[in-house]
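So the structure is just underneath, and the comments pick up after that.
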Amino acid sequence: MKKTIIACLIMVLSTGNINAGWSETFETAAEPTAALSLTSDMTWSWWGWGVASVADGYLTLVGAEDPFGNTTSWLQIDQSMDENAEITPSAAEIYVKARFMTTGTPTTNDQYHVCVKIDPEFLTNLAVHTVAAAPGAIGEFWFQTNESNVAPNAAIAYGEWHWQKIVVEGQNVSITAWADGEAMPDTATYSFEALTTTEAPTFIIVGVTDDDSSSVQIDEIWYNDRPAGLGISDNAPIATRYELGQNYPNPFNPTTHIRFNIPETANAKLTVFNVMGEEIATLVDGVMQAGGHTVSWNAASMPTGVYFYQLESGNFSQTKKLLLVK
């Protein structure tokens with residue numbers, strides 16, 4: 001990631017024998033107290049800079065300059081803060097629903113990190129491995145060496161709710177990401193092997209924003225529990241009309257992703273053309289279920305240039321431009 005996030009404060013960790021599964025829906029409005037605790041469904045510890053505010057059914061994180069010059073906001077939970085928050089860092093299934101918002105310039109410096117592997121001595125050794133998300137991408141971040149690896153994911157976009165499913169099995173971490181309202185994919189989006197050698201039973205969410213024009217919003221967190229009706233919610237962008245989204249990334253090389261909505265099950269065709277109007281790729285051609293869909297185009301064999309993609313379904317037809325730069 002372009003931002004370096006350095007851990008700087010953490011309280012002494014403790015454990016107890018309480019139920020493993022818990023959830024946070026942020027339905028109860030909350031602000032940090034003078035003692036830096038924040039209580040919605042659960043009681044969290046805020047690290048004291050930036051914004052951590054619960055209103056309108058979700059948590060908003062806005063970064064501010066931390067002691068190391070980064071713009072972050074940290075929220076932590078474990079059984080030293082809430083007795084119901086049992087953390088099982090070696091075997092966990094975690095669901096997070098979130099989105100990015102900005103009134104400024106979109107940037108991959110807007111991020112959020114789900115810290116799934118935290119060494120008890122990370123203040124000195126910086127051994128923390130996170131699931132890292134930024135607009136258009138999801139992957140991993142290793143604090144100790146400031147290294148990251150990500151995979152493109154068009155579901156993670158400004159103004160759009162998305163889900164993450166994180167599965168931890170020993171040192172293996174897998175991530176599945178998809179747009180809210182769509183079906184959860186059958187295969188993981190990204191996986192990695194955590195580099196931590198010892199693990200603390202604590203859980204931390206970090207919001208990173210390029211400046212105060214951006215925010216990270218967290219709608220739900222489920223830890224060793226599964227939300228009902230996963231993928232469909234009251235906030236889901238259910239398709240009520242035809243829509244063809246702008247590809248992401250754009251410009252791109254060599255792969256880009258295209259989202260589109262159709263309001264009813266119908267035949268649909270998504271085609272790519274060159275500037276001469278010649279059809280060079282057919283990405284969709286057949287019956288599609290009502291709702292939102294994402295497809296990818298790999299243009300590795302195509303030359304640099306401007307291309308067009310067109311969605312046709314029923315009486316609807318829309319065309320947009322994309323740019324391949326090698």
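Annotations
Rundown of residues vs (1) in contact with a Lys or Arg (Cβ under 8 Å, 6 or more places away or on another chain); (2) outside the structural domain of Ser296 (by TED's automatic domain parsing); (3) closer than 22 Å to Pro227 by Cα, yes/no style:
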| site | (1), (2), (3) |
| --- | --- |
| Leu126 | no, yes, no |
| Gly159 | yes, yes, yes |
| Glu169 | no, yes, yes |
| Val173 | yes, yes, yes |
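- Unmet criterion (only one of (1) part of a strand (DSSP E or B); (2) at pLDDT below 90; (3) closer than 30 Å to Ser53 by Cβ) for Phe260: (3)
- Per-region count, the stretch 179-211, residues outside any loop (DSSP other than H, G, I, E, B) and of a type outside the set (S, T, N, Q): 10
- When residues of the stretch 200-213 are limited to those that are crowded, with 20+ Cβ neighbours inside 10 Å and among the polar types (S, T, N, Q), the one nearest to Tyr158 (Cα to Cα): Thr209
- Of residues in the stretch 229-254 being at pLDDT 85 or above and assigned to a strand (DSSP E or B), the one surrounded by the fewest Cβ atoms within 10 Å (Cβ to Cβ): Phe252
- Considered as a group, the residues in the stretch 154-167 that are assigned to a strand (DSSP E or B) and not β-branched (Val, Ile, Thr) include one that is farthest from Asp119 (Cα to Cα), and that residue is Tyr158.
- Residues located in the stretch 186-199, provided they are over 19 Å from His162 (Cα atoms) and either among the polar types (S, T, N, Q) or buried (at least 20 other Cβ atoms within 10 Å of the Cβ) (or both): Ala194, Thr196, Thr197, Thr198, Glu199
- Among the residues making up the stretch 18-58, those that are within 14 Å of Trp222 (Cα to Cα), of a type outside the set (Gly, Ala, Ser) and touching a residue at least 24 places away in the same chain (Cβ under 8 Å) are Asn19, Trp22, Glu24, Thr25, Phe26, Glu27, Met42, Tyr58.
Rundown of residues vs (1) among the aromatic types (Phe, Trp, Tyr); (2) surrounded by fewer than 21 Cβ atoms within 10 Å (Cβ to Cβ); (3) part of a loop (DSSP other than H, G, I, E, B); (4) modelled with pLDDT of 95 or more, yes/no style:
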position: Ala7; (1), (2), (3), (4): no, no, yes, no
position: Leu13; (1), (2), (3), (4): no, yes, yes, no
position: Asn17; (1), (2), (3), (4): no, yes, yes, no
position: Glu27; (1), (2), (3), (4): no, yes, yes, no
position: Thr33; (1), (2), (3), (4): no, yes, yes, yes
position: Ser45; (1), (2), (3), (4): no, no, no, yes
position: Thr72; (1), (2), (3), (4): no, no, no, no
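The values are calculated or read from the model by the stated rules, or taken from the named source; none is laboratory data. Computed from a predicted model, the values in this text were never measured in an experiment. Neighbour counts run over all protein chains shown; Cβ positions are idealised from the backbone, glycine included.
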